[in-house]
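The values are calculated or read from the model by the stated rules, or taken from the named source; none is laboratory data. What you are looking at is a predicted structure, and each value in this text was computed from that prediction instead of being measured. Note that we place each Cβ from the backbone using ideal geometry, even for glycine, and neighbour counts take in every protein chain shown. Surface accessibility is based on the protein's heavy atoms, side chains included, excluding ligands, DNA and RNA. Shrake-Rupley method; radii C 1.70, N 1.55, O 1.52, S 1.80 Å.
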Amino acid sequence: MSISLDITQDRKLLDRSNIRRVVISSWIGNTIEFYDFLLYGLASALVFGKIFFPTISPLAAMLASFATFGVGFIARPLGGIFFGHMGDTLGRKYTLMITLGGMGVATFLVGCLPTWAQIGVWAPILLVVLRFAQGFLVGGEWGGAMLMVVESAPANLRGLLGSIPQTGGFSGQLLATGIFALITLLPEDQLLSWGWRIPFMLSFALVLVGLYMRRRLEETPVFKTVQQRERQKATAAPGEKTTSPVVEVVRHQWRSILLIMVLRFAESVPFFLATVFAVSYATSQLGVNKQTMLNVVMTTCVLAFPMHAFFGMLSDKVGRRPIYIFGALFAAAMAFPFFWLLESGSFVLMVLGYILLINIAHNSINAVQPAFFTELFGPKVRYSGASIGAQLGAIVAGGFTPFIAKGLTALDHDDWTYVATYVVIAALVAAYAAWRAPETSRRDLTLDH
């Protein structure tokens, strides 16, 4: 009897230890993913226009720089399809090792690129190629990392534990912004010649830590259960053809994919507006010091950690839909006040604007996405469905937000009114989608939906 109890206790300890490793490794992976991706966004706003597009007007250079930022988002759905299929058939762990390692290599190579002054037009061409590779790999990273946690977590903690790795977006932003805050202290000629390369090259060291953590993980209990069922089916009906998970999810759960695409608008539009476009707009149009804007963003990133845990835990109690609807409506309400506070030029008021739009509106949405999105799909197509939906939604909602926002300000003499209106519309559309969505917090993740 005591031996049986000891074995049960040991298994519980092993399960807790594995869940802890899964959460930490997914957080590290997400941190690296967003460090790589958002580092590029900061460089687009502050550096790339000058060194990769120096022969065109400042406005055209900024638009071209933001357009290369968006190229990565075009590649993300392709990566979601490719790695989603791999993750649903070969396993979550194996796929995530590939995506993380590949992202590190692509980001490191960006830091090695020659500029326009050295090789002419080939410089922006190579930049676009590497940006595309980054986006392709990221397309398979987010969905896999999040469902690793959600599939490993106890049912009553999926929202909370899923929200923790999601803060990797802010730890990645904190790292990227912090390093950029340091290198912008350099004289401009040094910043443009070699200083901007340092953050990209540092990415490789972070990737090595992430790969070490992921190598020690086990496959999720849900995926093991699915594998066992598939083996039993193959034994009972040898020679029966199997359908690709990608084909299966597009054919039977396209509504869930479309739902995720729309839901992402309330999260991605405010986030990339505040962290990429607003940094450029405040420094170039409002005359705010670059260092001040970077400090504002870093303050917001620090506050994101407790806010994610709070909203994730709350979603385990009241459900995913109420939290998502609240966040989307709050984002719509805060779009205009955000710009009013930004125009003040006051550090305190700008921080308040970021807290309202990001730490409350965005963080409440972002915290529940891992659980909400993965719970929409059955286990055999979950990696594919969550990845494809999230990355398709990211194309317009995320990647082209800085480009669209810059274009909207150009329509009206650098006024931000159209940009704020765009945020309001995007958030309200997402709030309606969340209202129509099913509540998923009580679903059994081992069953097909």
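Taken per residue, the accessible surface of the stretch 259-400 reaches 26 Å², heavy atoms only and a 1.4 Å probe.
Can you work out the PRE-style zone for residue 225? Point 7 Å along Cα to Cβ, and I want the residues of the stretch 428-449 with backbone N under 20 Å. Zone members listed by number: 439-449. Computed over neighbours whose Cβ is under 14 Å from that of residue 40, the net charge equals +1, Lys and Arg +1, Asp and Glu -1. Based on DSSP H segments of at least four residues, each scored -39500 (n - 2.57), the chain has a per-residue ellipticity at 222 nm of -25500 deg cm²/dmol. Students often get this wrong: which residues of the stretch 349-367 have the backbone nitrogen under 15 Å from the point 7 angstrom along Cα-to-C-beta of residue 292? Only 349-354 fall inside the zone, counting backbone N under 15 Å.
Screening the chain for DSSP H helices whose Cα atoms reach 30 Å or more along their own axis and whose mean Kyte hydropathy is at least -0.5 gives 2-43, 58-89, 92-112, 122-152, 290-318, 320-344.
Suppose the chain between residue 442 and residue 411 were pulled fully straight at 0.36 nm per residue; how much longer would it get relative to their current alpha carbon spacing?
6.4 nm is the gain from fully extending residue 442 to residue 411.
Using C-alpha pairs below 8 Å separated by at least 6 residues, the relative contact order for the chain is 26 percent. Once C-alpha pairs closer than 8 Å and six or more residues apart are averaged by separation and normalised to the residue number of the stretch 261-419, the relative contact order reads 37 percent.
The trypsin sites (Lys or Arg not before Pro) of the stretch 370-449 that DSSP puts in a loop, and whose beta carbon has at most 12 other beta carbons within 10 Å, are 442. The lysine pair tally for the chain, using Cα distances under 23 Å and a gap of 8 or more places or different chains, is 13.
What residues from the stretch 400-438 fall in the zone where the backbone N is under 20 Å from a label point 7 Å along the Cα-to-C-beta line of residue 128? Output list for this probe position: 400-407.
Ordering of 114-127, 201-214, 132-145, 362-375 by packing is 362-375, 132-145, 201-214, 114-127, highest average first (other Cβ atoms within 10 Å, averaged per residue). In this simple spin-label model, placing a label point 7 Å from the Cα along the Cα-to-Cβ direction at both residue 209 and residue 313 gives a separation of 2.5 nm.
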